């Protein structure tokens, strides 16, 4: 097994069987008002995010989704509404639905238009919380399609831009997916904050600690303490990242901050969902999805061969002394999925307790021991 520092696994994490937890989360979503397919889509996405090592967008989100549904922030049963249809260009409204459900509808529509036109652009507003972008990039890659995604959260002020010590931007993630043809798809998926808010949530609930300087306090000093983000709610079942006076920091100093601003403009302003500025907007992801069929382009080098040769060449470069190996985006997720399928999902004990508390509140009888992989504590 890989070292804890590499996998993000802590010694007191529970090792949970993926199928058992997927079934439980699906039942929680059904009790919260989701249809069967909708509940299964959300549960599959959350478990898969944890399998790939993106714990911030994984099963830890279950109690928060339950809370958001109860408060009306998320609306189970919503389907996308087509606002504009010009063939390859679609503008959609997700109706504040379960993000993974409405995003999969939008992706399916986009892939259908891409097959017809060679490319498609999907602009969705009010998309709930669509989760790990890499999942949609992987699905497009499986169809041989290149994808580019920009996302924001309307009104979701959590991140301080370069030079500021106040929340102003959402975590504004983006993703690029390029099919490789031999399984090693290029899946670039990252938040434009130093860390995603979900990673701060993981740290606040007993998971992997944040890197030094990932946040900034109201005094303008950099810190790794998630309490500056969550304030007095840090010890509650659903910590509120808007309760503290501090903020996440934009990655990459001025360059990363500029990319975050671009995500806000493209995913927020262009989709019609709204950026994270001072004006009030309904909660939800804005999502700009670009899909391109490389087979439609005149490429004498051969797209697939060029991608494969380039990635093989990069992997063959001499590694630096600190990392010891050269990785491409997607490698860590594939390695994590293989390890966690074999050994179970590492779930911090406080997170598992909160999931079980939600299940109990909904009248779902479950024995914690039935969720653990055989031999786990």
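The values are calculated or read from the model by the stated rules, or taken from the named source; none is laboratory data. This structure is a prediction, so every number in the text was calculated from the model and none was measured. Using ideal geometry, Cβ is built from the backbone for each residue, glycine included, and neighbour counts are taken over all protein chains shown.
Could you please let me know if residue 55 is without any contact (Cβ under 8 Å) to a residue 60 or more places away in the chain and outside the structural domain of residue 292 (by TED's automatic domain parsing)? No. Of all the criteria given as (1) under 30 Å from residue 159 (Cα atoms); (2) surrounded by 13 or more Cβ atoms within 10 Å (Cβ to Cβ); (3) in contact (Cβ under 8 Å) with a residue 24 or more places away in the chain, the one not satisfied by residue 304 is (1).
Can you go through 153, 202, 122, 176 and tell me which one is crowded, with 19+ Cβ neighbours inside 10 Å, assigned by TED's automatic domain parsing to the domain that holds residue 270 and either more than 19 Å from residue 272 (Cβ to Cβ) or within 17 Å of the chain's Cα centre (by Cα) (or both)?
Details: 202 fails: assigned by TED's automatic domain parsing to the domain that holds residue 270; 122 fails: either more than 19 Å from residue 272 (Cβ to Cβ) or within 17 Å of the chain's Cα centre (by Cα) (or both); 176 fails: crowded, with 19+ Cβ neighbours inside 10 Å.
Going through 153, 202, 122, 176 in turn, the sole match is 153.
Any residue that is surrounded by fewer than 12 Cβ atoms within 10 Å (Cβ to Cβ), in the same structural domain as residue 60 (by TED's automatic domain parsing), in contact (Cβ under 8 Å) with a residue 40 or more places away in the chain and over 20 Å from the mean Cα position of the chain (by Cα) - is there at least one of those in region 350-357? No: region 350-357 contains no residue that is surrounded by fewer than 12 Cβ atoms within 10 Å (Cβ to Cβ), in the same structural domain as residue 60 (by TED's automatic domain parsing), in contact (Cβ under 8 Å) with a residue 40 or more places away in the chain and over 20 Å from the mean Cα position of the chain (by Cα).
Here is a yes/no grid of residues against (1) over 30 Å from residue 84 (Cα atoms); (2) outside any helix (DSSP H, G or I); (3) in the same structural domain as residue 176 (by TED's automatic domain parsing); (4) in contact (Cβ under 8 Å) with a residue 40 or more places away in the chain:
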site	(1), (2), (3), (4)
232	yes, no, no, no
237	yes, yes, no, yes
242	yes, yes, no, yes
259	no, no, yes, yes
262	no, no, yes, yes
266	no, no, yes, yes
272	no, yes, yes, yes
275	no, yes, yes, yes
287	no, yes, yes, yes
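Of the residues making up region 150-168, those that are under 28 Å from residue 122 (Cβ atoms) and either without any contact (Cβ under 8 Å) to a residue 12 or more places away in the chain or part of a strand (DSSP E or B) (or both) are 150, 151, 152, 153, 159.
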